[in-house]
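Chemist: The structure that follows is given in the form of structure tokens.
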Amino acid sequence: MIRVSHLGVTFNPGTPLEKRALNGVDFTVEPGEFVTLIGSNGAGKSTLLGAVAGDVMASEGSIVIGETDVTRRAAARRAGLVARVFQDPLAGSCGTLSIEENLALAAARGRSRGLASALSRSRRTLFRERIAELGLGLENRLEDQMGLLSGGQRQAVSLVMATLAGCEVLLLDEHTAALDPHMAAFVLELTCRFQAELGLTTLMVTHSMRQALDAGTRTVMLHEGRIVLDVKGDERKGLGVDDLVDMFRKVRGQEIEDDALLL
Amino acid sequence: MTEIAFWGAVELGLVYAFVALGVYLAFRVLDFPDLTVDGSMPLGAATSAVLLIHGVNPWLATLAAMGAGAVAGIVTATLNVRFKILHLLASILTMTALFSIDLRVMGRPNVALLTEDTVLTPFYGLGMPDYYVRPAFCFVLVVIAVALVAWFLRSEFGLAMRATGANARMARAQGVRTDLQIYVGMALSNALVGLAGALFAQTNGFADVTSGVGTIVVGLAAVIIGETLLPSRLVTIALIGAVIGSVVYRIAVQLALSADVIGLKASDLNLVTAVLVAIALILPRLRKKGRAA
């Protein structure tokens, strides 16, 4: 569960570059809920995700994950509660380490790390099984460098990494945006499967309206640091991409020249 | 080159192998270009030499030298992590300060160890010539150090350290406290260099405040030669490569200096070192270009 209360984030306060990225955001994600987060560039989607993850510190308000108030905790100290997959396939893993070493890093997420071997036999077996589930044939390449994989393969492995250790919430920051359409569909399908199997509370930022409505159980639209739309259930089922685009126009109070930008 | 000169080169290479291991930890594992080593090497030599003169047990004196090196590493790490000073500059500041500290520790620019017992003393009387004993002793210590560092880097903590150097943001997302990793890594790296200093003082019979000049270049040369001779992604192989690189480098330098034809003098050592490292850095690039063309 995530409970965000009166969350405000201001970048460069007191300078000419001051930017109010989030402006009093209130919302609660129930356990097991899968929320898709949309909004135009600069709406505050990534800032909200960053604030929950701890990359961005809240200027005001509070953030509770599970039972823990994490408002003042740095990213590394929230990692036991938060699993993440980044937009850039290179960002979420270490290209110079092997696949199994990346998995071992993720398997210890949020735990203290000691001097025991990072790659025990039992762990290797577990990794092989989990990677085999992807059906990409990577289970025979566990000792290969992560950097040798394609972007899509890296994102798929990143998803496995995110689910190796337990977590309260899964944060996905446009994690299919950098992939070709085929791989993007595969990774999204994988995301939905893992989310359903493990009942993960999930927050996914996306630029694609189609994806925002197809995946997940609830859709939230941000605009200028505020929530302007929050739909779930039957109301959401009745929505089409056109309706979302209309709403986009309405909140922006202007015509959007190129619909293709949103689709 | 005489046999004694050869074993002398091997011995020096094995002493500097500890520098190479330290440089590997800082430069390759943490991706932290650390020049502190130019100061922590003579610091280790000075600390151990002064303690030996005061009759402290040689092993304790050597341990103290490692501790002193570790503190130097932590100072650099603090300047960088806590006060956000650029890593290169932070290490130069520590290195500069250490020059004065080394003088304070010794009370004078150099200290001779002539009659004092060293960690090597018990092994001199065993019937082997001294010029075999020293490299053999250093070799055993190097093997132990390589084994320990390799084990460390393959542990969960060590893996987190490698991730810190490779992708700090990802490491933090996995709950790795990257600041702590830099502190520990820099302490460990400079402790190894301090150990090199202590061994240098005890095998050569003196500690000198100027002996640290160019240490970083020598360490880097060893790491690069090792990577060229034993290219591997496995940390254990890379560590062994650094040790071999250090020895090969010393033998190459000895050959260059003893070849009268070239007309090099011992004082040309730093120039030879810099040129060798420059060549080692340029060659892979040229090779790549040649392949592309």
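The values are calculated or read from the model by the stated rules, or taken from the named source; none is laboratory data. All of these numbers come straight from a predicted model, not from anything done at the bench. Heads up, the Cβs are rebuilt from the backbone with ideal geometry, glycines too, and the neighbour counts pull from every protein chain shown.
Chemist: Which number in (1) over 30 Å from A:CYS94 (Cβ atoms); (2) modelled with pLDDT of 95 or more marks the one condition that B:ILE74 misses?
Modeler: (1)
Results for (1) within 14 Å of the chain's Cα centre (by Cα); (2) surrounded by fewer than 19 Cβ atoms within 10 Å (Cβ to Cβ); (3) within 13 Å of another protein chain (Cβ to nearest Cβ), shown as yes or no for each residue.
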site	(1), (2), (3)
A:LEU126	no, yes, no
A:ALA132	no, yes, no
A:GLU143	no, yes, yes
A:GLY151	no, yes, no
A:SER158	yes, no, yes
A:ALA177	yes, yes, no
A:HIS182	no, yes, no
A:VAL187	yes, no, no
A:CYS192	yes, yes, no
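Chemist: Right, something else. Any residue in the stretch B:155-167 that's surrounded by 22 or more Cβ atoms within 10 Å (Cβ to Cβ): show its pairings with residues that are in a helix (DSSP H, G or I) and aromatic (Phe, Trp, Tyr) at Cβ separation under 6 Å, as long as the two are six or more apart or on different chains.
Modeler: B:GLY158/B:PHE152
Chemist: Okay, next question. Of the residues A:LEU115, A:LEU119, which is exposed (fewer than 15 other Cβ atoms within 10 Å of the Cβ), closer than 23 Å to B:ARG177 by Cβ, aliphatic (A, V, I, L, M) and within 13 Å of chain B (Cβ to nearest Cβ)?
Modeler: After applying the criteria, what remains is A:LEU115.
Chemist: Would you mention how many residues in the stretch A:215-235 are on the phi < 0 side of the Ramachandran plot, modelled with pLDDT of 90 or more and either in contact with a Cys (Cβ under 9 Å, 6 or more places away or on another chain) or not in a strand (DSSP E or B) (or both)?
Modeler: Matching residues across the stretch A:215-235 total 2.
Chemist: Moving to a separate point now. Where in the stretch B:147-254 are there helices (runs of 4 or more DSSP H), lying fully within it, with 1 or more residues that are at the interface with chain A (Cβ under 10 Å from one of its Cβ atoms) and among the aliphatic types (A, V, I, L, M)?
Modeler: By residue number, B:156-166, B:168-173, B:178-204.
Chemist: Sticking with this one: Could you grab me the full set of residues in the stretch B:13-69 that are β-branched (Val, Ile, Thr) and either in contact with a helix residue (DSSP H, G or I) (Cβ under 7 Å, 6 or more places away or on another chain) or within 27 Å of B:GLY165 (Cβ to Cβ) (or both)?
Modeler: Across the stretch B:13-69, the qualifying residues are B:VAL15, B:VAL19, B:VAL23, B:VAL29, B:THR36, B:VAL37, B:THR47, B:VAL50, B:THR62.
Chemist: Out of B:ALA49, B:ALA68, B:ALA90, B:ALA61, report the one residue that is in contact with a Leu (Cβ under 7 Å, 6 or more places away or on another chain) and free of Cβ contacts under 8 Å to residues at least 40 places away in the same chain.
Modeler: Among B:ALA49, B:ALA68, B:ALA90, B:ALA61, only B:ALA90 is in contact with a Leu (Cβ under 7 Å, 6 or more places away or on another chain) and free of Cβ contacts under 8 Å to residues at least 40 places away in the same chain.
Chemist: So B:PHE32 fits all but one of (1) closer than 30 Å to B:ALA171 by Cβ; (2) out of contact with any Asp or Glu (no Cβ under 8 Å at 6 or more places or on another chain); (3) part of a helix (DSSP H, G or I); what number is the exception?
Modeler: With (1) closer than 30 Å to B:ALA171 by Cβ; (2) out of contact with any Asp or Glu (no Cβ under 8 Å at 6 or more places or on another chain); (3) part of a helix (DSSP H, G or I) applied to B:PHE32, the lone miss is (3).
Chemist: With the requirement that a residue be facing another protein chain (nearest Cβ under 8 Å) and either of a type in the set (S, T, N, Q) or crowded, with 24+ Cβ neighbours inside 10 Å (or both), what does the stretch A:83-93 give you?
Modeler: Within the stretch A:83-93, A:ARG84, A:GLY92, A:SER93 qualify.
Chemist: Now for a different question. When residues of the stretch B:108-131 are filtered for being in a loop (DSSP other than H, G, I, E, B) and either without any contact (Cβ under 8 Å) to a residue 12 or more places away in the chain or over 24 Å from the mean Cα position of the chain (by Cα) (or both), how many remain?
Modeler: The number of residues fulfilling the criteria is 9.
Chemist: Does B:ASP31 count as surrounded by fewer than 21 Cβ atoms within 10 Å (Cβ to Cβ) and among the acidic types (Asp, Glu)?
Modeler: yes
Chemist: Does at least one position in the stretch B:114-124 carry a residue that is more than 14 Å from chain A (Cβ to nearest Cβ), crowded, with 17+ Cβ neighbours inside 10 Å and at pLDDT 95 or above?
Modeler: Within the stretch B:114-124, none of the residues are more than 14 Å from chain A (Cβ to nearest Cβ), crowded, with 17+ Cβ neighbours inside 10 Å and at pLDDT 95 or above.
Chemist: Before we move on, is B:ARG134 more than 14 Å from every other protein chain (Cβ to nearest Cβ) and either in a helix (DSSP H, G or I) or charged (D, E, K, R) (or both)?
Modeler: Values: more than 14 Å from every other protein chain (Cβ to nearest Cβ): yes; either in a helix (DSSP H, G or I) or charged (D, E, K, R) (or both): yes.
Yes: the conditions hold for B:ARG134.
Chemist: Pairs please, first residue from the stretch A:94-109 and over 16 Å from B:ARG169 (Cα atoms) and among the hydroxyl-bearing types (Ser, Thr, Tyr), second anywhere and in a loop (DSSP other than H, G, I, E, B) and at pLDDT below 95, Cβ atoms under 6 Å, 6+ apart in sequence or on different chains.
Modeler: Cβ pairs passing all conditions: A:SER98/A:GLU143.
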